[in-house]
Structures are given as C-alpha cells and as structure tokens.
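Down below is the structure, laid out as structure tokens.
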Amino acid sequence: MSEVRIVDAAFLDSLTEQACEADRGRRNFNFHASTAESCNRLLNAVEPGSYIRPHRHLDPGKDETFVVLRGRFGFLAFDETGGINLCALLDARSDRHVVNVPHGIYHTLVALTPGSIFFEAKAGPFVPLGEAELAPWAPAEKSEAATAYLASLERLFDDGADVTRSAIARSD
C-alpha cells in the first residue's frame, strides 16, 4: 500500500542518528517500495569518515542526480586512471547543492559535516555495482588504504574552494 510521506526535520534527524550508529557511517531511506521499480528515489544520510568507493554506472540508463538537503559534501569526478576531473563543494545552504552525474563517469561524494543528507534519484531496478564499475585505482571499502585515501579526498575541501583538474597535481 502506498502512502504519502512528508519528510520533516525530525525524520531527517532520525536518519542521521541511524547513520551515526551504522558501521559504515551512512543510512539510506528508500521512497520506492521495491528495488525492482523503474525509478529509485532515496535519502542518504552520510557522516564524515564514511568512505564511498569511487564508482561509475555503465548502464546508459543509470545517470544519477543528487540534491543536498542538509550539510556539505565534496563531489569528485575522475578520469579512467583516477585523475580528478572535477572537485566541487555542494552545500545545502548555498546556491550549489545539486549535481547530475552521467553514466560512465567515475565519481564519489565525501561528507564534510555531521548530519549531511542528500536525495538521490536514478533509474531502477537496483543492481549492485559490478567489478567493472568499481574504480580499480581506488582502495576497497574497509581496507587500511581506504582510510588514508578518504582523508586525502577530504583535504581537497579544507579551504572550502572548488578546484578543477588543472589545479590538482597527481602523485603516483
């Protein structure tokens, strides 16, 4: 049975509490009744320190849109070798809080403040990421290297400024 869902501050607070308690530091709430639906719509509460491995969606129908509702995120888009093509600060209180990611683009989000939440929409059905969609140059989740890699991504946003590929030197 479908029901109307009003999302208020108390609901977002509860989602944040669940993210804080979760091993991965994040929690989602699906608006879609089944992951088999043709459109997946969800809220993602992500706490600082939660590592979302850079990935891409190879299915031409799997473009993604993110809308920051609370807090701040760093958005990063990468080339095939892990070089950063785009590094943008998304802030719910600014004029930049939405990003659309075409399929085939390696990307990740980094939570920069506690209580950060974004709305995500993409075509369904949900299919777990395949090996070809995970960035081969990015450390696996829960690995020792992931902690250091996430810290290096977070540092890109220390001054709150956006940078582009030309402003970033890769260290291999």
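Projecting each Cα onto the charge dipole of the chain (Lys/Arg +1, Asp/Glu -1 at the beta carbon, about the Cα centre), which of Ala148, Gly61, Leu15 comes out farthest on the positive side? Selected residue: Gly61. Taking only the Cα atoms of the range 33-172, the ratio Rg/Rh comes out at 0.94, with Rh defined as the Kirkwood radius.
Summing charges over all other residues whose Cβ lies under 13 Å from the Cβ of Leu129, with Lys and Arg as +1 and Asp and Glu as -1, gives -1. Separation of the range 1-66 and the range 97-120, taken as the distance between their Cα centroids, equals 11 angstrom. Other residues with beta-carbon under 15 Å from the beta-carbon of Pro60 carry, at +1 per Lys or Arg and -1 per Asp or Glu, a net charge of -1. Dipole magnitude for the chain: about 140 debye, using +1 per Lys or Arg Cβ and -1 per Asp or Glu Cβ, origin at the Cα centre.
Extending 7 Å from Cα along the Cβ direction at Ala36 and again at Leu129 yields two label points whose distance is 2.6 nm. The mean of 1/r over all distinct Cα pairs in the range 38-85, once inverted, gives the Kirkwood hydrodynamic radius of 13.3 Å.
No lab work stands behind these numbers, since they all come straight from the coordinates. Small disclaimer: the values here were computed from a predicted structure and weren't measured. Counting neighbours? That spans all protein chains shown, and the Cβs are built from the backbone with ideal geometry, glycine included.
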